[in-house]
Each structure stands twice: as C-alpha cells, then as structure tokens.
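One structure is given below, encoded as structure tokens.
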Amino acid sequence: MKILAIETSCDETAAAIIGDLDNTQSLNPTTNITSSPQILSNVVVSQIDIFAAYGGVIPEVAARSHLEAILPVTHKALDDAHLTKDDIDYIAVTYAPGLLGSLLIGTLTARTLAILWHKPLYAVHHLKSHIYSNWLQEQCIPTFPLLSLVISGGHTQIIYMPEHNHFEIIGTTRDDAVGECFDKVAKILGLPYPGGPSIAKCAEQGDPTKYPLPHPKIDGLDFSFSGLKTAVLRAVQSACNLPITTPSHELASHLTDQQKSDFAASFQSTACDILLEKLNSALQLHPEVNSIVFAGGVSANQALRLKAQKYFTNSKVFFPEPKFSGDNAAMVGAAAYYEILSGVTPVDPYQLNILPRTPIK
Ligand code: KG4
Ligand code: ZN
C-alpha cells in the first residue's frame with residue numbers, strides 16, 4: 001500500500017509517502033492490524049522565516065505561500081520515494097481544523113489529484129494526525145485503550161481512545177490553548193516567533209522556581225491557560241516596578257537576560273505541571289489504559305518530556321519523534337493508513353467540505 005499524504009492546515013506545506021511495513025510485533029489486539037506505516041518520503045516546507053518578521057501567522061500570506069509550494073513539495077515527495085503517480089494507491093489530506101485559506105490549498109490539490117489519477121481520497125482530521133504521529137516509530141507503538149494529550153497551537157485536549165478511529169474528548173481548554181500561551185508569553189518576554197521553541201531555549205539558563213505562578217482552579221479534566229498568561233504579565237510588570245497599565249510590548253526592554261530566562265523557566269515548568277496533573281487525573285479515571293500518548297507541537301518540549309517520564313513511571317508513555325511533533329504529512333498518512341486498514345470508506349472528492357473548526361473524529 002502506498003499513500004500520498006498532504007498537509008497544509010497552518011504554515012507548513014507538507015507532503016509524504018507512507019508505505020506498509022510488515023511487523024508482526026505491532027499486532028494490535030483490538031483490530032488485529034499486524035503491520036505499521038513506513039515513511040518512504042517526508043517533505044516539509046515551513047513558512048516560519050516569513051512569519052518570524054511579523055511575530056505570527058498572517059492567514060492570507062500563508063495561503064499564498066501554500067499555493068506556491070504545494071506542487072513542488074508533492075513532486076519532491078514522489079521523487080524522494082522513487083515513485084510515480086502510478087505507484088500511489090490512496091491520497092490523504094487534512095480537511096480540518098485549521099486556517100480556511102491554508103486548508104483550501106491542500107484539499108483542492110488532493111481532490112484534483114484524486115479525480116485526475118482515479119485514486120480513493122481520505123480526509124483526515126488534523127488532531128487525529130497528531131495522535132497518529134506516535135505510530136511512525138518502528139520500534140514500539142501505542143496499544144489500546146489509550147489516553148492522548150493533544151497540545152498544539154490551537155488545541156489542548158485529553159482524548160480517550162478505546163481503539164483505532166474512536167475518540168472521546170474528556171477534557172479541553174476553556175480559553176487559550178497551551179501552545180498559544182507559550183506564544184503569548186514569548187511575546188511578553190520579547191522572544192522570537194514561534195514562541196514555544198524560544199521559551200524552551202531561553203528557559204535553559206533559568207530558574208524554574210524563581211517566579212511562582214498560579215495553577216487554575218477548574219474541577220474535572222478541563223484546562224484554562226489565559227490566567228497563566230496574565231499571571232506572567234503581572235509578574236513581569238511587578239519585577240520591572242511598572243504599573244499594570246503598561247502595555248505588554250513595552251515590557252521586554254526592561255528585563256535583563258537572566259530575568260527573561262527565569263520567567264521562561266518558571267512559566268514552562270508551571271504549564272507542564274498543569275498539563276501533567278490533569279493528565280494524571282484522567283489516568284485515575286481510566287486505570288485500564290495501556291498507553292499515554294502525547295501529540296501536537298508542544299509535545300516537542302524537552303522539559304515536558306522529562307517531567308512526563310518521571311510523573312508516569314508505571315505507565316507506557318509515548319512521544320512522537322521531535323521532527324514529527326510539529327505539522328507534517330507523514331502523520332496524515334499514518335492516520336489514513338489505519339483508516340484504510342480498518343475499512344473506513346473514502347470520501348467523495350467532488351463533495352469534500354473543509355471545516356476550519358470541528359471536533360476530532
Ligand atoms: O501542532 P503545531 O505545530 O500546530 C498546530 O496544529 O497548532 O503546534 C504549534 C504550537 C505553537 O504554539 C508552538 O509555539 C508550539 O507548538 N511549540 C512548542 C515547542 N515547539 C512548538 N511549545 C513548547 N515547546 C516547544 N519545544
Ligand atoms: Zn498541528
């Protein structure tokens with residue numbers, strides 16, 4: 001089986017070819033799937049350089065950049081895998097959620113290729129792809145039932161999966177996503193876009209206990225991150241002896257490099273603790289789970305990885321390889337791979353709707 005997968009939900013234009021790896025060790029008791037996806041090529045063109053100058057993504061510019069990159073990127077994915085269109089059995093594409101213009105470029109490309117090449121088309125939810133980035137490692141893959149913590153720029157959710165393709169959202173953020181919070185705190189500290197990696201780097205020289213920050217008081221498994229962002233803002237204003245009316249973009253110039261590192265480390269440590277505490281509560285409610293699966297851009301965070309390994313010593317914890325934490329098409333192919341093997345029917349390429357905001361399914 002060979003799948004051409006396409007991803008354009010935000011500011012990465014990506015295409016990959018996923019094949020089939022016979023691997024009896026990955027026998028899944030739930031679905032009896034005895035093989036796992038193999039990456040034959042993986043091409044990602046990031047627009048980070050463009051948006052670093054603006055400090056964030058401009059949707060219209062992202063869509064235009066996808067338009068320029070999508071065909072060369074798709075060609076390169078085929079070339080790198082030494083394949084032609086005739087070798088491709090299926091096409092997969094991200095249809096939701098994401099930026100409207102960005103999703104349009106990927107889905108229109110995939111729909112057109114599916115029609116012209118007479119290939120079945122699979123439309124994949126972006127968060128599902130992030131979860132399935134954990135099936136891209138050959139050694140050891142998650143087993144069901146599992147709990148997934150999906151932490152990206154737009155989402156913070158705890159998802160229970162009894163088996164492939166079944167999702168139950170048991171916790172979600174009531175306001176900001178954790179990745180969004182990293183990005184906003186980075187702006188307060190004057191660190192470059194994207195904020196997550198900048199905070200992580202800056203925090204390396206910092207003391208995570210220097211500025212104690214509050215944990216939100218929310219019952220159940222839901223999250224809230226807007227209060228943490230405001231707490232950092234107030235703590236920075238206070239450390240600089242400035243009034244709370246001081247705009248956030250004026251603060252960074254008043255901070256020393258050491259203060260920035262201490263704020264970055266304190267924030268990162270608190271954000272990680274909030275995530276892991278809620279995930280632990282979910283685990284108490286679902287002691288039957290076999291795997292804990294991290295997914296999404298924030299799962300690249302090294303401090304989170306270290307804390308999680310210490311926190312869940314009795315559980316099997318999975319993180320995607322760092323290069324598959326962020327947006328890529330290999331994970332789209334992996335998610336489609338299990339849809340195909342599970343007998344999910346393809347979508348009609350003439351009818352496919354893009355859904356910028358829709359829950360995982
Ligand atoms: O999954 P992703 O690439 O795109 C979305 O689907 O949103 O996630 C992007 C988010 C951004 O907020 C970015 O700052 C964050 O992931 N991120 C990180 C790290 N790398 C990326 N956050 C914390 N630590 C990192 N190392
Ligand atoms: Zn993503």
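Does His254 qualify as being in contact with a Leu (Cβ under 7 Å, 6 or more places away or on another chain) and either modelled with pLDDT of 95 or more or at positive phi (or both)?
Values: in contact with a Leu (Cβ under 7 Å, 6 or more places away or on another chain): yes; either modelled with pLDDT of 95 or more or at positive phi (or both): yes.
Yes; evaluated as a whole, the condition is true for this residue.
When you scan the range 192-212, how many residues do you find that are surrounded by fewer than 21 Cβ atoms within 10 Å (Cβ to Cβ) and in a loop (DSSP other than H, G, I, E, B)?
9
Any residue at all in the range 166-188 that's surrounded by fewer than 18 Cβ atoms within 10 Å (Cβ to Cβ), more than 10 Å from ligand 1 (Cβ to nearest atom), basic (Lys, Arg) and closer than 16 Å to Gln258 by Cα?
Taking every residue of the range 166-188 in turn, none turns out to be surrounded by fewer than 18 Cβ atoms within 10 Å (Cβ to Cβ), more than 10 Å from ligand 1 (Cβ to nearest atom), basic (Lys, Arg) and closer than 16 Å to Gln258 by Cα.
Test Val43 against the stated conditions and say whether it is more than 30 Å from His164 (Cβ to Cβ), modelled with pLDDT of 95 or more and not in a loop (DSSP other than H, G, I, E, B). Don't jump to the end; show me each part of the working.
Numbers: more than 30 Å from His164 (Cβ to Cβ): no; modelled with pLDDT of 95 or more: yes; not in a loop (DSSP other than H, G, I, E, B): yes.
So Val43 does not fit the description; no.
Restricted to the range 341-361, and to residues that are in contact with a Leu (Cβ under 6 Å, 6 or more places away or on another chain) and part of a loop (DSSP other than H, G, I, E, B), which residue is farthest from Ala63 (Cα to Cα)? Break it down stepwise before answering.
Residues of the range 341-361 that are in contact with a Leu (Cβ under 6 Å, 6 or more places away or on another chain), as a first pass: 346-347, 349, 354, 356, 360.
Now restrict to residues that are part of a loop (DSSP other than H, G, I, E, B): 346, 349, 354, 356, 360.
On the way: Pro346: 26, Pro349: 21, Ile354: 14, Pro356: 14, Ile360: 23 Å.
It comes out as Pro346.
Ser129: surrounded by 19 or more Cβ atoms within 10 Å (Cβ to Cβ) and within 24 Å of Ala271 (Cβ to Cβ), yes or no? I'd like the intermediate steps shown before the answer.
Working: surrounded by 19 or more Cβ atoms within 10 Å (Cβ to Cβ): yes; within 24 Å of Ala271 (Cβ to Cβ): yes.
Yes, satisfied.
Of everything in the range 298-317, what is within 14 Å of the chain's Cα centre (by Cα) and surrounded by fewer than 23 Cβ atoms within 10 Å (Cβ to Cβ)? Give them in sequence order.
Ala300 - this is the single residue of the range 298-317 that is within 14 Å of the chain's Cα centre (by Cα) and surrounded by fewer than 23 Cβ atoms within 10 Å (Cβ to Cβ).
Looking at this structure, is Val344 closer than 15 Å to Tyr122 by Cβ, among the aliphatic types (A, V, I, L, M) and surrounded by fewer than 16 Cβ atoms within 10 Å (Cβ to Cβ)? Before you say what the answer is, go through the steps one by one.
Values: closer than 15 Å to Tyr122 by Cβ: yes; among the aliphatic types (A, V, I, L, M): yes; surrounded by fewer than 16 Cβ atoms within 10 Å (Cβ to Cβ): yes.
Taking the combined requirement at face value, the residue satisfies it.
Where the second residue is within 16 Å of ligand 1 (Cβ to nearest atom) and the first is acidic (Asp, Glu) and lies in the range 326-350, which pairs have Cβ atoms under 7 Å and are six or more apart or on separate chains?
What qualifies is Asp327/Glu7; Asp327/Ser9; Asp327/Cys10; Asp327/Glu12; Asp327/Ala14.
So how many residues does the range 220-248 have that are assigned to a helix (DSSP H, G or I) and either modelled with pLDDT under 95 or of a type in the set (Gly, Ala, Ser) (or both)? Spell out how you get there, then give the answer.
Our first condition is that a residue be assigned to a helix (DSSP H, G or I); within the range 220-248, this holds for 226-239, 248.
Narrowing the set further to residues that are either modelled with pLDDT under 95 or of a type in the set (Gly, Ala, Ser) (or both) leaves 226-227, 231, 235, 238-239, 248.
The qualifying residues number 7.
The values are calculated or read from the model by the stated rules, or taken from the named source; none is laboratory data. Quick caveat, the model's predicted, so the values are computed rather than measured. Note that each Cβ is placed from the backbone with ideal geometry, even for glycine, and that neighbours are counted across all protein chains shown.
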